[in-house]
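A short worksheet on the structure shown next.
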Amino acid sequence: MKDTAKHLEALREKMRKYKVDAVIIPGTDPHQSEYVTAHWKLRDWVTGFTGSNGTAVVTLNEAGLWTDSRYYLQAGIELEGTGVDMYKEDGASDMTVNEWIAAHLREGGVLAVNGLLFSMSQTANLEAFCGENGFRFATDFDPFPAIYTDRPELPLDPIFIHEEKYSGESTESKNNRVMEAAEKRGADSVLLSALDEVAWTFNIRCNDIEFNPVAIAYGYVSRKGCALFVDMRKMTDEVKNELAQSNVQVLPYDGLEHFLGKLKNETVLLDPNKTSDTVSRWMPDCVFVYAQSPVANLKAQKNDVQIAGVRKAMERDGLALTKLYMWLEKEVPKGGVKETGVAEKMIQFRAESPLYRSESFGMIAGYKDHGAIVHYEATEESAYELASEGLLLCDTGAQYLDGTTDITRTVALGTPTEEERHDYTLVLKGHVTLASAIFPAGTRGSQLDALARQFLWKECLTFWHGTGHGVGHFLNVHEGPQNIRLNENPATIKPGMITSDEPGVYKAGNHGIRIENLILAKEYAHSDEFGDFMCFEPVTLFPYDAKLIDLDMLSDAELAWINNYHKEVRERLTPYLNEEQQAWMNEKTKELKR
């Protein structure tokens, strides 16, 4: 709290000096990343809030922080006593960022941002908002070099090539496909800012951002040649030579402005939601085509090599999960196991695989009422000790060279209550209904979302996070363009896309329940009259907790689906298991009967 007060005052001193009345500080970086390296955690430094989603607004006298339902409880704790008020983005009637600014800024007041941290779309919207309300708008306010004196440097982790035996496609082939899509839009070239898009396009990986194997870089793709902009200290001769064979030139990260300034009479495709306002201004002699980056859909639709790799990664992950939950059953009754210890043990078991590189996010291990904190992250101070009672929610995932995993299981550590079984089965019914859906090609995630919520809704229950997010291939565990959530999104579900299926229910002070598999979109059937239809294949391999399933609440179809899923889990994982593990798995996946 003391640091936050000190940091807020340092910021306000600069605001007064430059006659700025309000400043917006996002939680992102110049690449519009969801997760950022320590160098760009400016909102965290100002407010003390550490969640992955949140936007701060600071005036000369007040400050607010907006975040979503995943972080309500966390934000309330971290912001207490700091002078920063929390506002809810979803599921509530709190003022929006714009409404709050309109209420706190006088006419003629100056609203300022650092245009490097705001996309073209965001700055255009803010400029219009300011015009409508009589505010002045500045995009060149960056006080942090002066006030954040011990700011971490950008990381210097080495870049490495993601081999074609894992990626399934050469860099040259990817560049050609990107240009084919861009040329259909009338563009001569494409500027890539999103880190996962750069990593996918050039088949590079790095460890610049925790859990996301990406490099801090920009990419430029054209028929004349391609360029990768990175800190040259991160490059080896081997990687440079490999990229050169695909007609990719490696240039300094801080040389992007000079490179773009030399482009003349070129039509450049820019994704206005992923390209920063400042970067777009570095091309004064170019014409822009504003469109979603062609990489988004190309990356989301996994090829056969990637899909085969994900299936293998899920088998190895299933082995590690088996070891974890067997360990929990043995050790929890003895005492001494804390929430933090669960995450440490998960890493230990996964690291036994030579293809393991890291977790894909920090494990959420929430016991009892901690499970109701959607993105709870245990600390040594907050961690509960587990006991043979109550529910444990574990949301965890890994980065393997051949795939990214993400799974949530909620288990009963003792004899569950009727309420726990009832709530769990409601969530499971929605999870199964979505996974078993058959739907026409061209369907959007928002059209599927209610399938997972309907059973909760019937009892006036719900959850405020999305039902599903896209998942990368040895890339970000959250990727677009598709998702499954209530909010409208024009992206349709296409074959090869991998998306999570994770409904839940959270009762503050009591328990949280979430069940998550990753599901692969596939072609299902063709109808001459009604066109193509699609379905999902679950690729995650681990059983549900039968102790928590109320069989009387399941339909015959739901029960059959669960039994068939458990049969596949058992058959796919058995070759990896020793005799004791096989016996455990056989028990966990035995046929459920009424």
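Odds and ends about this structure:
- Principal axis box of segment 461-511, alpha-carbon based, largest edge first, Å: 39, 26, 14
- Computed on the Cα trace of segment 452-594, the radius of gyration divided by the Kirkwood hydrodynamic radius gives Rg/Rh = 0.99.
- C-alpha long axis of helix 171-184 to longest principal axis of the chain, angle in °: 70
- For segment 364-471, trypsin sites (Lys or Arg not before Pro) meeting the loop criterion (DSSP other than H, G, I, E, B) and having at most 10 other Cβ atoms within 10 Å: LYS458.
- Under the simplified labelling scheme, the LEU60-GLU488 pair shows an inter-label distance of 4.1 nm, with each label point 7 Å from Cα along Cα→Cβ.
- Each Lys or Arg adds one and each Asp or Glu subtracts one; over the other residues with Cβ under 13 Å from the Cβ of LYS165, this totals -4.
- Taking the average, over residues, of other Cβ atoms within 10 Å as the packing measure, peptides 388-397, 69-78 rank 388-397, 69-78 from highest down.
- Taking every Cα-Cα distance in segment 436-489 and sorting them into 5 Å bins from zero, the calculated P(r) comes out as 4, 18, 24, 22, 18, 10, 3, 1 percent.
- Hits among lysines - C-alpha to C-alpha of LYS264 under 26 Å, sequence gap 8 or more where chains match: LYS174, LYS184, LYS224, LYS274
- The helix-only estimate of mean residue ellipticity at 222 nm for the chain, built from DSSP H runs of length n ≥ 4 each weighted as -39500 (n - 2.57), is -10500 deg cm²/dmol after division by the residue total.
- Cα gyration tensor, segment 281-428 - rounded (a/c under 1.5), prolate or oblate: prolate
- Pair-distance profile P(r), taking every C-alpha pair of segment 359-401, with 10 angstrom steps and integer %: 29, 50, 18, 3
- Among 197-204, 53-60, 15-22, sorting by the average number of other beta carbon atoms lying within 10 angstrom of each residue, highest first, gives 197-204, 53-60, 15-22.
- Take each peptide in 507-513, 399-405, count the other Cβ atoms within 10 Å of every residue, and average; sorted highest first, the result is 399-405, 507-513.
- Treating r as the C-beta distance of LYS165 and ALA103 and R0 as 45 Å, the FRET efficiency rounds to 0.20.
- Of the solvent-accessible surface of the chain, computed with a 1.4 Å probe over protein heavy atoms with every protein chain present, carbon and sulfur atoms account for 49 percent.
- Remark: C-alpha extents of segment 1-139 on the principal axes read 35, 31, 29 Å, sorted largest to smallest.
- In Å², nearest 10: area of LYS264 left accessible to a 1.4 Å probe: 120
- Alpha carbon convex hull of segment 162-213, projected area averaged over orientations, nm²: 4.0
- For segment 426-439, 3J(HN,Hα) per residue [Karplus equation, 6.51 cos²θ - 1.76 cosθ + 1.60, θ = phi - 60°, Hz, x = Gly/Pro]: 4, 5, 4, 4, x, 4, 5, 4, 5, 4, 9, 5, 10, 8
- Note on LYS17: aspartates and glutamates with a C-alpha under 17 Å away, same-chain residues under 8 apart excluded, are GLU9, ASP140, ASP142.
- Cα gyration tensor shape for segment 345-453, rounded if a/c is under 1.5, else prolate or oblate: oblate
- Computed with a 1.4 Å probe over protein heavy atoms only, the accessible surface of the chain comes to 41 Å² per residue.
- Modelled spin labels at ASP528 and GLU459, positioned 7 Å past Cα toward Cβ, are 4.7 nm from each other.
- Net +/- balance of residues flanking LEU434 in space, Cβ distance below 13 Å, scoring K and R +1, D and E -1: -3
- Angle in degrees between helix 556-573 and the longest Cα principal axis of the chain, rounded to the nearest 10: 80
- Cut-off 16 Å (backbone N to label point 7 Å along Cα→Cβ of ASN176), residues of segment 222-252: 222-226, 245-248
- Over 27 Å (Cα to Cα) - which of LYS494/LYS593; LYS6/LYS368; LYS2/LYS41 fall in this group: LYS494/LYS593; LYS6/LYS368
- The alpha carbon gyration tensor of segment 105-185 gives principal lengths a ≥ b ≥ c with a/c of 1.5 or higher and a/b no greater than b/c, which makes the shape oblate.
- Within the chain, DSSP assigns beta bridges of which about 75% are antiparallel (rounded to the nearest 5).
- Reciprocal of mean inverse Cα separation for segment 271-315 (Kirkwood radius, Å): 13.4
- Normalised by residue number, the volume inside the convex hull of the Cα atoms of the chain is 167 Å³ per residue.
- Inter-label distance, LYS14 to GLU132: 3.0 nm, where each label sits 7 Å from its Cα along the C-beta direction.
- 0 to 90° range, to nearest 10: angle between helix 120-133 axis and the chain longest Cα axis: 70
The values are calculated or read from the model by the stated rules, or taken from the named source; none is laboratory data. This is a predicted model, so every value here is computed, not measured. Ideal geometry is used to build each Cβ from the backbone, glycine not excepted, and the neighbour counts take in all protein chains shown. Just so you know, the surface numbers come from the protein's heavy atoms only, side chains and all, with ligands and any DNA or RNA stripped out. Shrake-Rupley method; radii C 1.70, N 1.55, O 1.52, S 1.80 Å.
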